[in-house]
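The values are calculated or read from the model by the stated rules, or taken from the named source; none is laboratory data. Note that this is a predicted model, so its numbers are computed, not measured. Backbone-built Cβ (ideal geometry, glycine too); neighbour counts: all protein chains shown. Side chains are part of the model used for accessible areas, which takes the heavy atoms of the whole protein and leaves out ligands, DNA and RNA. Shrake-Rupley method; radii C 1.70, N 1.55, O 1.52, S 1.80 Å.
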Amino acid sequence: MIKIKQAIIVEGKYDKIKLSGIIDAPIIQTDGFGIFKDKELQCLIRNLAEKRGILVLTDSDSAGFRIRSFIGSTVDTKNIVHAYIPDIFGKESRKTEPSKEGKLGVEGVSEDIIMKALANAGVLCETAEEPERPITKLDLYELGFTGGQDSAKKRAALLKFYSFPARLSANALVKVLNSITTYEQFLEDVKEIEKELSE
């Protein structure tokens, strides 16, 4: 597994599955053109870009470039790195027919090609710092964001505080929190959230 600093933005779930077996980093999927209307997802990506930077790895077809261009227009250019897979014609094994343009997407190319794309983007030399004390699902439970009487209300306030999408699962929430903040800062933020709720 390669650990990289940036969060990775891909188009679909099969791209995410492919990269999850190669790279240790948060991987966010745009659900294709779904990102164009999903304000919460756009906000999450901007947040990740500001905190740790993002790496965009979309397919090399026209749809992939439209998504890439859209993300580039919503994020500060200094916080975004682009990695490109080459034009390779073929068909993904799970599909009955090739894509409209006949090119393989991220899910269809080999690990070597993905690694070369990342190296060309200059990210493999990056080192991600390990948090001294990660935020865990148990922390969310103990702090009252899951499993408690008012946990739904508290969790909604937490998501709003960080401008995270309401649909974020507990596992995804833990991963994103560890991407953008430290355990100590999280505890400080929780105090702020609790203060806002009590007012």
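LEU173 sits with roughly 0 Å² accessible to a 1.4 Å probe, with DNA, RNA and ligands left out of the calculation. Each Lys and Arg contributes +1 and each Asp and Glu -1, all at the Cβ; summed about the Cα centre of region 53-114, the dipole is approximately 200 debye. Put a dot 7 Å past the Cα of SER198, heading toward its Cβ, do the same for LYS95, and the two dots end up 5.5 nm apart. Using +1 at the Cβ of each Lys and Arg and -1 at the Cβ of each Asp and Glu in region 76-199, identify which of SER110, ILE193, ASN178 lies farthest towards the dipole's positive end. With unit charges placed on the Cβ atoms, the residue in question is SER110.
With a/c under 1.5 counting as rounded, go ahead and sort region 86-199 into rounded, prolate or oblate using the C-alpha gyration tensor (a ≥ b ≥ c being the square roots of the eigenvalues; past the cut-off, prolate if a/b is larger than b/c, else oblate).
Because a/c hits 1.5 or more and a/b exceeds b/c, region 86-199 counts as prolate.
For region 66-117, the set of trypsin sites (Lys or Arg not before Pro) satisfying both a DSSP loop assignment and a count of at most 14 other C-beta atoms within 10 Å is given as LYS91, ARG94, LYS95, LYS100. Semi-axis lengths, largest first, of the ellipsoid equivalent to region 1-116 are 23, 16, 12 Å, with √(5λ) applied to each eigenvalue of the Cα gyration tensor. A Förster distance of 41 Å, applied to the separation of the beta-carbon atoms of ASN171 and ASN120, puts the FRET efficiency at 0.85. With all protein chains in place and a 1.4 Å probe, the accessible surface of the chain carries 51 percent carbon and sulfur.
For the chain, the alpha-carbon radius of gyration amounts to 1.10 times the rule-of-thumb value 2.2 N^0.38 Å expected for a compact globular protein. Here is the result for region 7-100: no GluC sites (Glu not before Pro) lie in DSSP coil with at most 13 other C-beta atoms within 10 angstrom of their C-beta. Give the calculated FRET efficiency between ARG133 and ARG66 to the nearest 0.05, with a Förster radius of 45 Å applied to their Cβ-Cβ distance. For R0 = 45 Å, the calculated efficiency reads 0.65. DSSP assigns beta bridges within the chain; of those with both partners inside it, close to 10 percent run antiparallel. Taking a virtual spin label 7 Å from the Cα of GLN185 along the C-beta vector, which residues in region 1-19 bring their backbone nitrogen under 15 Å of it? Inside the label zone: 6-7.
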